[in-house]
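Single-structure report; data block below.
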Amino acid sequence: MTDSASFSYQEVFQRRMQEASVPLTLDIYSWYQHMQASHPVYFDASRASWLVFRYDDVQQVLLDPVTFSSQREINPDGSFDPAAGDNIIAMDPPRHRQLRALLSQAFTPRVVARMESKVAALAHSLLDQVQDKGEMDVVDDLAFPLPITVIAELLGIPNGDHDQFRQWSHDAVRSDYALARATSHKLAQYFQVLIEQRRLAPQEDLISALLMAEIDGEHLSDSEIRSSCSLLSVAGHKTTTGLISNAIVCLDEHPEALQQLVTQPELLPSAIEEVLRYRTLAHSTVHVVTVDTVLGGQEIKAGNLVLPLFASANLDETHFPNADRFDILRTPNRHLSFGHGIHFCLGAPLARLEARVALEIMLQRLPHIRRIRAIPLELNPSSFIYSLKHVPITFG
């Protein structure tokens, strides 16, 4: 583990995106539990990164942005990436706090609550198209089109571009570094066109609102608006898509929970929190150590990378007794699936609402859901997002 000191600050940055990730597999959770017990803070030389597995250590990283910086979007020559450098995920205070305050206005409880009827109408419309077939793909027929339509309306994205956004959303989080970087630039270029259009002719959408917004008397830069929109267009629907499809898989694996929710839909909010814990969507983020420090008893040098593993933390028995059991009545359930601290997911309220409404309508209209197990589950290629390609079901 002492080999970590041999990596220079610049070498770590050059290798960050290519290697600072944990390849996801369907059964990765058993590995997380093993590492919690044997190597809770572990230096992985192949990734030039420290992997953090236990809840308290993960929480420490997330609550200390001074020591564990998120400011990480740096090119090999040391310059900031213009497509991603102003992304609030890769930003530290005070600018992070200022930009987040503006973006959070799009996701206040009042704004999100007003979307419920629209989400419900859309969910019914999507299910109308498959109800008579007796089977559907949860991802293709509901979990993707519902949130992408909602986030597109918020941003002002034309309907004809939704299919392109689906492809971009997959490519932007894939483990192929070159593809992910190229996709981020495509998104930036696309949003720059929309920004210029809204500057000339504002509309009732988030892009127009961001153009009008000011921080300390200054307008946001185009780069900040581009990065914010790129983040929302991808994360704003990937989260809900994964949450809905993961929920159906969990309920199929635990039919007693499924039947309980059919008769007691008021338990859905609690069940959704357990899905978030049990099958976490975002598994890690990358942080840069700014000063020599100690984490979990390990000495970590400035310039090293640290990956707090949210999905592993959510299986920590010290915080979640019987963590490998799916319990829709679990309380308390202080999972870290939406992050923690200053980078807590902005879109969490919207994702929870969309999942609750969609699942409630599904269970009302399709109470006899069964996953077609002859078709094996398969993950979308990604270094940090646990999302399923397809979830085919029957509901005769």
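Scan Ala120, Ala106, Ala83 and give me the residue that is at pLDDT 85 or above and either touching a helix residue (DSSP H, G or I) at 6+ places or on another chain (Cβ under 7 Å) or of a type in the set (Phe, Trp, Tyr) (or both).
Of Ala120, Ala106, Ala83, the one residue that is at pLDDT 85 or above and either touching a helix residue (DSSP H, G or I) at 6+ places or on another chain (Cβ under 7 Å) or of a type in the set (Phe, Trp, Tyr) (or both) is Ala120.
For (1) crowded, with 20+ Cβ neighbours inside 10 Å; (2) in contact with a Lys or Arg (Cβ under 9 Å, 6 or more places away or on another chain); (3) among the small types (Gly, Ala, Ser); (4) without any contact (Cβ under 8 Å) to a residue 60 or more places away in the chain, each residue gets a yes or a no:
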residue	(1), (2), (3), (4)
Val289	yes, yes, no, no
Leu295	yes, no, no, no
Asn314	yes, yes, no, no
Ile328	yes, no, no, no
Thr331	no, no, no, no
Ile342	no, yes, no, no
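With a cut-off of at least 3 residues that are over 22 Å from the mean Cα position of the chain (by Cα), name the strands (runs of 3 or more DSSP E) lying wholly within region 220-319.
Here the list reads 293-295, 298-300.
If only one of Ile369, Ile361, Ile300, Ile328 is touching a strand residue (DSSP E or B) at 6+ places or on another chain (Cβ under 7 Å), among the aliphatic types (A, V, I, L, M) and over 20 Å from Asp57 (Cβ atoms), which one is it?
The conditions single out Ile369.
Restricting to region 353-396, what's the tally of residues that are of a type in the set (D, E, K, R) and in a helix (DSSP H, G or I)?
Summing the residues that are of a type in the set (D, E, K, R) and in a helix (DSSP H, G or I) in region 353-396 gives 4.
Are any residues in region 38-69 modelled with pLDDT under 95 and more than 28 Å from Asp176 (Cα to Cα), and if so, which ones?
Passing the criteria: only Val66.
So, in region 262-297, exactly how many residues are among the hydroxyl-bearing types (Ser, Thr, Tyr), within 25 Å of Cys345 (Cα to Cα) and touching a strand residue (DSSP E or B) at 6+ places or on another chain (Cβ under 6 Å)?
Residues flagged as among the hydroxyl-bearing types (Ser, Thr, Tyr), within 25 Å of Cys345 (Cα to Cα) and touching a strand residue (DSSP E or B) at 6+ places or on another chain (Cβ under 6 Å) within region 262-297 amount to 2.
Yes/no matrix, rows are residues, columns are (1) exposed (fewer than 14 other Cβ atoms within 10 Å of the Cβ); (2) more than 15 Å from Ser230 (Cβ to Cβ):
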site: Ala152; (1), (2): no, no
site: Pro158; (1), (2): yes, yes
site: His162; (1), (2): no, yes
site: Trp168; (1), (2): no, no
site: Ala172; (1), (2): no, no
site: Lys186; (1), (2): no, no
site: Phe191; (1), (2): no, no
site: Glu204; (1), (2): yes, yes
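Go over the candidates Ala247, Ala282 one by one and state the one that is within 30 Å of Trp50 (Cβ to Cβ), among the aliphatic types (A, V, I, L, M) and buried (at least 22 other Cβ atoms within 10 Å of the Cβ).
When all the criteria are applied, what remains is Ala282.
So for region 372-388 (the condition being among the charged types (D, E, K, R), modelled with pLDDT under 95 and under 23 Å from Val22 (Cα atoms)), does at least one residue qualify?
Scanning region 372-388, I find no residue that is among the charged types (D, E, K, R), modelled with pLDDT under 95 and under 23 Å from Val22 (Cα atoms), so the answer is no.
Give, as residue ranges, the helices (runs of 4 or more DSSP H) completely inside region 96-168 that count at least 2 residues that are within 23 Å of Ser221 (Cα to Cα).
Answer list for region 96-168: 145-155.
Taking the stated definitions as given, is Asp324 part of a loop (DSSP other than H, G, I, E, B) and crowded, with 18+ Cβ neighbours inside 10 Å?
no
The values are calculated or read from the model by the stated rules, or taken from the named source; none is laboratory data. Just so it is clear, the structure is predicted and the values come from calculations on it, not from any experiment. Backbone-built Cβ (ideal geometry, glycine too); neighbour counts: all protein chains shown.
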